[in-house]
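In what follows, a structure is listed as C-alpha cells, so that the remarks can point back to it.
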Amino acid sequence: MKNDDVAAAALERAGAGLLDWLRQEAERPGATPRARLLAIWDVLEAWFLGEDFHASVLAAALVGPVPDGRPAVAVALARHRRAVRQLLEELATQAGVADPAGLAAQVHLLVEGAVVGALVDRQPQVARHARELTGLALASAGAR
C-alpha cells in the first residue's frame, strides 16, 4: 500500500469517527431540532480539548493544504467535508429553516474556522463562540 493510500485510510477512519460522534450527540432523545444542531459544538469542543486533537490527521488535513501528489488524501478529505456538510444540512432541515443548504454552508465555515482556531491558535474556546454564532444564524433563519 502506498503512503498516500495509508494516509487516506487514516483520514477516512478519523473522519468517520468524528462524524459518528457528531451524529450520536445530535440524535440525543428529547433534544429539539435547534438543540441538535447546536450539539455539534459540544462535540467539537470536547475534540479540541482532547489529548489527541493536536496530533489528529483529520485536524491537520482540514487546516493545511493537501500536498501535491496525494490524490487519495484529497479524495478522502473532500468526502469528509461533503459528509459534514450533508449532516449539517440534515440538521438544518430538521430545524425547519427555509434554506437548509445555505445555513449548512454557514455553519460549515464556522466548523472549519473553529478547527483552525483550536489547532493553530490553540484556542479551544472558539467552539463556544461558533456555537453563539450558530445560534444567531438559527434564530435569523427561523429555526424551531
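Report yes if some residue within the stretch 87-101 is closer than 21 Å to K2 by Cα, of a type in the set (D, E, K, R) and open to solvent by 70 Å² or more (accessible area, probe 1.4 Å); otherwise report no.
The answer is no, given that none of the residues of the stretch 87-101 is closer than 21 Å to K2 by Cα, of a type in the set (D, E, K, R) and open to solvent by 70 Å² or more (accessible area, probe 1.4 Å).
List pairs: first in the stretch 133-144 and closer than 15 Å to I40 by Cα, second buried (at least 18 other Cβ atoms within 10 Å of the Cβ) and of a type in the set (F, W, Y), Cβ under 9 Å, 6+ apart or cross-chain?
These pairs meet every condition: T134/W41.
Got a sec? Which of A55, A78 is exposed (fewer than 14 other Cβ atoms within 10 Å of the Cβ) and under 14 Å from the mean Cα position of the chain (by Cα)?
That would be A78, the only listed residue that is exposed (fewer than 14 other Cβ atoms within 10 Å of the Cβ) and under 14 Å from the mean Cα position of the chain (by Cα).
Take the residues of the stretch 1-18 that are outside any loop (DSSP other than H, G, I, E, B) and of a type outside the set (G, A, S): which is nearest to D68 (Cα to Cα)?
D4
Determine which member of the set A60, A46 is modelled with pLDDT under 95, of a type in the set (G, A, S) and surrounded by 12 or more Cβ atoms within 10 Å (Cβ to Cβ).
A60
The values are calculated or read from the model by the stated rules, or taken from the named source; none is laboratory data. Values in this document were obtained by computation on a predicted structure and should not be read as measured data. Counting neighbours? That spans all protein chains shown, and the Cβs are built from the backbone with ideal geometry, glycine included. With ligands, DNA and RNA removed, areas are computed over all heavy atoms of the protein, side chains included. Shrake-Rupley method; radii C 1.70, N 1.55, O 1.52, S 1.80 Å.
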